[in-house]
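**Student:** Once you've had a glance at the structure underneath, I'll fire off some questions.
The values are calculated or read from the model by the stated rules, or taken from the named source; none is laboratory data. All of these numbers come straight from a predicted model, not from anything done at the bench. Cβ: placed from backbone, ideal geometry, glycine included. Neighbour counts: every protein chain shown. For accessibility, only protein heavy atoms count, side chains too; no ligands or nucleic acids. Shrake-Rupley method; radii C 1.70, N 1.55, O 1.52, S 1.80 Å.
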Amino acid sequence: MAAPREETRGLFGQGVRAVLGSWAALQIAVEHGFGGAHGREKAEWMVGAVEQYFHSNAALEPDEVEDFLAEVLNNEFDTIIEDGSLAEVSQQLQSLFARCQRGEGPALTETIARLTRRQQEVGRAAAQARPAQGSSSEEEEEERPEEVMDCSSPGAPPDPPPAEDGWTVVRKKKK
């Protein structure tokens, strides 16, 4: 009886890795360095932390798992997820854990394989979403023509022309 339990426990770890690896929000956070220089290590640590969380807590509610994931992402990646994916990932993890508890090894293996394929697709998409090297807002500013300020007249500045949207800047007159 111990061998099937260990097998499903190992499958749950693989499943957690596959679910988190196919979670676009987490992968984008890792790719864009939201977790700092050790973002990939934090994502790997998160797999073990989630696995331990499930094994240490009995009968977890969906909102408890969501809160745990949200807290880890906020603390480790300075990321707040508001796209609804927390609920989806929470549900996937709970489903995997329930299947492991029931000993559904072959079905778990198939699900993990499907998630692993999705993980590869998400990894490619996250890498493509990464900004090109050397691209920055400074370069964009350099491309804009500089505005020249006329400082030659010693008197009051002339009234500014109306803006493109029709607004005019009104200044208080000196007494």
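**Student:** Identify, please: which residue in region 82-133 is of a type in the set (Val, Ile, Thr) and open to solvent by 40 Å² or more (accessible area, probe 1.4 Å) and is, among those, modelled with the highest pLDDT?
**Tutor:** Step one: list which residues in region 82-133 are of a type in the set (Val, Ile, Thr), which gives 89, 109, 111-112, 116, 122.
Going one step further and asking which of them are open to solvent by 40 Å² or more (accessible area, probe 1.4 Å), we end up with 109, 116.
Working: THR109: 84, THR116: 81.
Looking at the filtered set, the residue picked out is THR109.
**Student:** When you check GLY35 against the structure, is it within 23 Å of ARG118 (Cβ to Cβ) and buried (at least 20 other Cβ atoms within 10 Å of the Cβ), yes or no? So that I can check it myself, show each step before the final result.
**Tutor:** Details: within 23 Å of ARG118 (Cβ to Cβ): yes; buried (at least 20 other Cβ atoms within 10 Å of the Cβ): yes.
So GLY35 passes the test.
**Student:** If you don't mind, there's one more thing I want to ask. Looking at region 75-112 only, could you name the residues that are closer than 15 Å to ALA25 by Cβ and among the charged types (D, E, K, R)?
**Tutor:** Passing the criteria: GLU76, ASP78, GLU82, ASP83, GLU88.
**Student:** Can you spot a residue in region 58-81 that is hydroxyl-bearing (Ser, Thr, Tyr) and within 11 Å of the chain's Cα centre (by Cα)? If you could, list the steps in order and put the result at the bottom.
**Tutor:** Residues of region 58-81 that are hydroxyl-bearing (Ser, Thr, Tyr), as a first pass: 79.
Checking the rest, the ones that are also within 11 Å of the chain's Cα centre (by Cα) come to 79.
Yes, region 58-81 has at least one match.
**Student:** Based on what the data block shows, is LEU26 closer than 14 Å to GLN101 by Cα and surrounded by 13 or more Cβ atoms within 10 Å (Cβ to Cβ)? Steps first, answer last, please.
**Tutor:** Numbers: closer than 14 Å to GLN101 by Cα: no; surrounded by 13 or more Cβ atoms within 10 Å (Cβ to Cβ): yes.
No, not satisfied.
**Student:** Hey, can you tell me all the residues within region 65-81 that are loosely packed, with under 15 Cβ neighbours inside 10 Å and on the phi < 0 side of the Ramachandran plot? Reasoning before the result, please.
**Tutor:** Pass one, region 65-81, residues loosely packed, with under 15 Cβ neighbours inside 10 Å: 67, 71, 74-75, 78, 80.
Matches in region 65-81: ASP67, GLU71, ASN74, ASN75, ILE80.
**Student:** Criterion first (more than 10 Å from the chain's Cα centre (by Cα) and within 23 Å of ARG117 (Cβ to Cβ)) does LEU26 satisfy it?
**Tutor:** Numbers: more than 10 Å from the chain's Cα centre (by Cα): no; within 23 Å of ARG117 (Cβ to Cβ): yes.
Considered against the rule, which asks whether it is more than 10 Å from the chain's Cα centre (by Cα) and within 23 Å of ARG117 (Cβ to Cβ), LEU26 comes out as no.
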